1. Could you tell me whether any residue of region 58-66 is over 21 Å from the mean Cα position of the chain (by Cα) and over 25 Å from Leu142 (Cβ atoms)?
2. Is there a residue being modelled with pLDDT of 85 or more, touching a Ser or Thr at 6+ places or on another chain (Cβ under 6 Å) and not aliphatic (A, V, I, L, M) anywhere in region 185-200?
3. So the check is Cβ under 8 Å with 6+ separation or different chains; which pairs have a first residue in region 318-336 that's buried (at least 21 other Cβ atoms within 10 Å of the Cβ) and modelled with pLDDT of 90 or more and a second one that's of a type in the set (Val, Ile, Thr) and assigned to a loop (DSSP other than H, G, I, E, B)?
4. List every residue pair whose Cβ atoms lie under 8 Å apart, where the two residues are 6 or more positions apart in sequence or sit on different chains, the first residue falls within region 196-214 and is free of Cβ contacts under 8 Å to residues at least 60 places away in the same chain, and the second residue, located anywhere, is assigned to a helix (DSSP H, G or I).
5. Answer with yes or no whether Leu53 is modelled with pLDDT of 90 or more, among the aliphatic types (A, V, I, L, M) and within 27 Å of Ala247 (Cα to Cα).
6. In region 141-157, which residues are out of contact with any Phe, Trp or Tyr (no Cβ under 8 Å at 6 or more places or on another chain) and in a loop (DSSP other than H, G, I, E, B)?
7. Do we find that Asn345 is part of a helix (DSSP H, G or I) and more than 30 Å from Ala230 (Cα to Cα) in this structure?
8. Of the residues in region 258-276, how many are part of a loop (DSSP other than H, G, I, E, B) and touching a residue at least 60 places away in the same chain (Cβ under 8 Å)?
Amino acid sequence: MLSDVRILKSVHPLDWLAGGLLVCGLLLVAVGLLPARPAEDAMTRIGPLLVFLATVIVMAELTGKAQVFDAVASWVARTGKGSYPLLFGLCVLFASVTTITLNLDTTAVLLTPVMLALATRVGIAAVPLAMTTVWLSNTASLLLPVSNLTNLLAADRVALSPAGMAATMWSPQLAAILVTMACLWGFYWRRGRRGSESYVPPQPLRPADPVLFRVCALACAGFLVAILVADVPLWSASLTAALVVVAAFAFRRRSDLRISLVPWRLLMLVPGMFLVVETVNAHGLHDLLTATIGSDGGVLGMLRSAGVGAGLSNVLNNLPVYLAGEAAVPAENKHQLLALLIGTNVGPLVTPWASLATLLWFERCRTHGTRIPLKRFVGTGFVLAVTGTFAATAALALV
């Protein structure tokens, strides 16, 4: 009895949320509130995403154990030469380029351990570095179709090539990054928050197992190249890289291969979330979005669309909200649709479940042992969500 109580107390609140959403979603299907066909379509759509989430997290966890992230963090810290402003600029550039050219979820998984390892290596506060990753993994995801799953859907809807999307969204993207930098510095990076004037750059890292280090580094590099250069699905690239890393650990350090590496929380949360949102969409969400977004393709309509997307993303999640909102925007209002995209990309910064990237980030922070004050996360995220969404939408309207 006492052991059962201890187990229940050790369960994280997000575990309860994930399990509750999954049970709720399955019950909605079982009682018929969500018809079988929409439920099947939702599960088919997110199947590859679940494979990506599971495999990329396993790969990231084991790559961290091989000290690859520590080595990258050491290089970034040495390049910063002890200057916090220079380190800040390097971290912003690193996070922005990774998000733009790869994918925001990849940034949350692969870059967050780098930032947290940087804090450990240099002996500086971890929260400013962690917030740089989570905010820019969302706000820097506007420029290219590959940057975000929602971008792929929007680019197809408005018939934009990667070059065409970049030509349209460069100004909103720049505005979003500049506002993010201002909020990061004011809320987390200024001296009163970080606690010191400078830092001492670390010595180059010598990995404990050079073979594991090289194999994991090559697997990560191959994963990134496959996504960036080859036309390879995310789930296929992450699965291949994860298998290579797992095989290397099976030969070199089998004791590190544990069932706890699998992100069970996310694998419960994502399907449950989609089933619940599909049910809500079938029972009035579409009509609500049609009424709230409206059909005005002008500046006010764009601001309205972005605001609705940002607000609902923090209540539900940005991907299903974009899918539902896309159907509510008139087909001819392309800029209004892009404004909705801005809202669902830049706006989901207030709640932990607002985007998958944020959930992945929380998972990485929890694994590292970094505590994120929730009230501060919500408050500062609200400021950036409002100012960043407005600035990016205004920039789109001007262009």
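1. Yes - at least one qualifying residue is present in region 58-66.
2. Yes, some residue in region 185-200 is modelled with pLDDT of 85 or more, touching a Ser or Thr at 6+ places or on another chain (Cβ under 6 Å) and not aliphatic (A, V, I, L, M).
3. Once the first residue is buried (at least 21 other Cβ atoms within 10 Å of the Cβ) and modelled with pLDDT of 90 or more and sits in region 318-336, its partners that are of a type in the set (Val, Ile, Thr) and assigned to a loop (DSSP other than H, G, I, E, B) give Gln336/Val329.
4. If the second residue must be assigned to a helix (DSSP H, G or I), the pairs left are Val211/Ala248; Val211/Arg252.
5. No, not satisfied.
6. The answer is Ser141, Leu142, Leu144, Asn148.
7. For Asn345, the condition - part of a helix (DSSP H, G or I) and more than 30 Å from Ala230 (Cα to Cα) - is not met.
8. Count: 2.
The values are calculated or read from the model by the stated rules, or taken from the named source; none is laboratory data. None of these values were measured; they are calculated from a predicted model. Heads up, the Cβs are rebuilt from the backbone with ideal geometry, glycines too, and the neighbour counts pull from every protein chain shown.
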